[in-house]
């Protein structure tokens, strides 16, 4: 029987709008240019929208303090915050504090993520291990971060180890939960495809389970990183001599509200930059996913 | 030859899905399993695929017992079940990773040309229509050059035009390897279009009710002489299979009456 030509099956050969090809993108130069142009415009529009609220508040507050409508002692105006940030940057202190915080988050994130992936994978893959591990871990998950501080100081001392461990705990739970749930929600029908092709357990994990849980795992890592930045503040409140958390405590003790707000802004920028880096590095791995934009 | 001998399947809750199925399908033959919902067609196919275990009887392919997934058996499911993280090319080549690269690539390209998707080799499954995805699923099964191809209603969710084009794609690919094809279908016309023999099943428990040879020459257009006649024969057999079995007591009573 003759096979119908592809051109005959018009609706079958037309890819859905917005689809991306994994290889050899076939785009006319004009179409590509137009898409690039519209993307730039979209990005510009989005950036403008994102800046309206913070810039509006900043300008409003600056004006209120300048015209004497507010004192600006407890909440300094943007000019004083910028000046504090400038001073911290010029004298090199800011980078030292940023690096100390970043290092703690990175090491804590690495430890928590590795432990979360391993235990999440074990809990997801084995009913026995799930019944053994999950109830305890779920109970521990609801313990507030600050509750661990006294114990960790007694166990690991006041220096770096206790701080890194506290961050690792914060990162661990969302990663554990994401990986375990990811495995449990892998489509049974895809696993059956692997069985029909006689994949070994290892090949099944490598060729079906791992790619299938990658989107959930990356989302979990992203949540973990966010929590890592939250936990580092608690960790640096434990008695640090450097780090953005230390700047907060120091600003409070010295009554320097501009330093406190400068440290908060540095936290926000650092967290956003780390999140952007994680998304940029990992999104190529899940570009096959139809819903990637909604998820990340 | 595929041989099913006294095959039975009873689930843990006591439900008898299949009872005493006996079939012999010759190499190169296309056989259709047809019957109403719940008559055990898919169960039978899953047993032949080695995805479920029979509780009685045996399945053998060229004398070799089938008790689990087997390298000579390929399955096409009701849904395409393509792996979304693999391109069309890698989906087609999923089961032949062990082959040397050149041979693997040649088989994939040949299959893609046969199904009219060589222009879509680098696309993701999400970029294909339902019919195109099912073509890829058929190609994925057939590039392994199986001795037995099992089709579990792979065309049921498609429109009539796409279904007709997929029948052509299937027969084209089948011509390359000429495996035994055992297909489950609800569609009488589809059975007459594709199959050399149709096995009509009846339910509770699932068993073979009738066997009808279909001898029309291929390609089998619906307008061809004899097509309608074969469709009618199959429909009559299906009607009979739907009638409740006559009990011994009822038969005796009827005998006394007359």
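Each value in this text was obtained by applying a stated rule to the coordinates, not by laboratory testing. On a predicted model such as this, the values are computed, not experimentally measured, just so you know. As a convention, Cβ positions derive from the backbone with ideal geometry for all residues, glycine included, and neighbour counts pool all protein chains shown.
Values for this structure:
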{"quantity": "Average other protein chain Cβ within 10 Å of Cβ, residues B:97-107", "calculated": "0"}
{"quantity": "Relative counts (whole %) of C-alpha pair distances in segment B:113-185, using bins that are 10 Å wide", "calculated": "19, 56, 25, 1"}
{"quantity": "Bridge type composition, the protein assembly as shown - antiparallel percent by DSSP, nearest 5", "calculated": "50 percent"}
{"quantity": "Calculated FRET value between residue B:72 and residue B:156, using beta carbons and R₀ = 30 Å, to 0.05", "calculated": "0.70"}
{"quantity": "Virtual spin-label span in nm between residue A:48 and residue B:215, 7 Å along Cα→Cβ", "calculated": "7.8 nm"}
{"quantity": "Span from the segment B:69-117 Cα centroid across to the segment A:148-214 one, whole angstrom", "calculated": "31 Å"}
{"quantity": "For residues of B:164-171, the mean tally of beta carbons on other chains within 10 Å", "calculated": "3"}
{"quantity": "R0 of 56 Å, Cβ-Cβ distance residue B:60-residue A:272: FRET efficiency to nearest 0.05", "calculated": "0.30"}
{"quantity": "All-pairs Cα distance distribution in the protein assembly as shown, expressed in whole percent, bin size 20 Å", "calculated": "17, 36, 27, 16, 5, 0"}
{"quantity": "Per-selection Kirkwood Rh - segment B:1-72 (Cα, Å, 1 d.p.)", "calculated": "12.5 Å"}
{"quantity": "Cβ crowding within 10 Å averaged over residues, with A:119-130, B:2-13 ranked highest first", "calculated": "A:119-130, B:2-13"}
{"quantity": "Distance (nanometres) between label positions extended 7 Å along Cα→Cβ at residue B:243 and residue A:140", "calculated": "6.9 nm"}
{"quantity": "For peptides B:148-160, A:164-176, sequence by mean Cβ density within 10 Å, most packed first", "calculated": "A:164-176, B:148-160"}
{"quantity": "Semi-axis lengths, Å, segment A:95-244, gyration tensor of Cα atoms, sqrt of 5 times eigenvalues", "calculated": "35, 16, 11"}
{"quantity": "Coordinate range along principal axes, alpha carbons of segment B:2-136, Å, largest first", "calculated": "48, 31, 25"}
{"quantity": "Taking B:147, A:163 and counting other C-beta atoms within 10 Å, the order from fewest to most", "calculated": "B:147, A:163"}
{"quantity": "Quotient of Cα Rg and 2.2 N^0.38 Å for segment B:144-214, N being how many residues it contains", "calculated": "1.16"}
{"quantity": "Rotationally averaged projected area of chain B (alpha carbon convex hull; nm²)", "calculated": "16.2 nm²"}
{"quantity": "Förster radius 51 Å - calculated FRET efficiency between residue A:110 and residue B:224 (Cβ-Cβ, nearest 0.05)", "calculated": "0.15"}
{"quantity": "P(r) tail fraction, segment A:162-296 - alpha-carbon pairs more than 27 Å apart, %", "calculated": "38 percent"}
{"quantity": "Among A:48-61, B:97-110, B:20-33, A:208-221, the order from most to least packed when residues are scored by Cβ within 10 Å on average", "calculated": "A:208-221, B:20-33, B:97-110, A:48-61"}
{"quantity": "Paired Rg and Dmax values of segment B:119-258, which use every Cα atom, in angstrom", "calculated": "19.1, 72"}
{"quantity": "Average beta-carbon neighbours from other chains, 10 Å sphere, peptide B:111-121", "calculated": "3"}
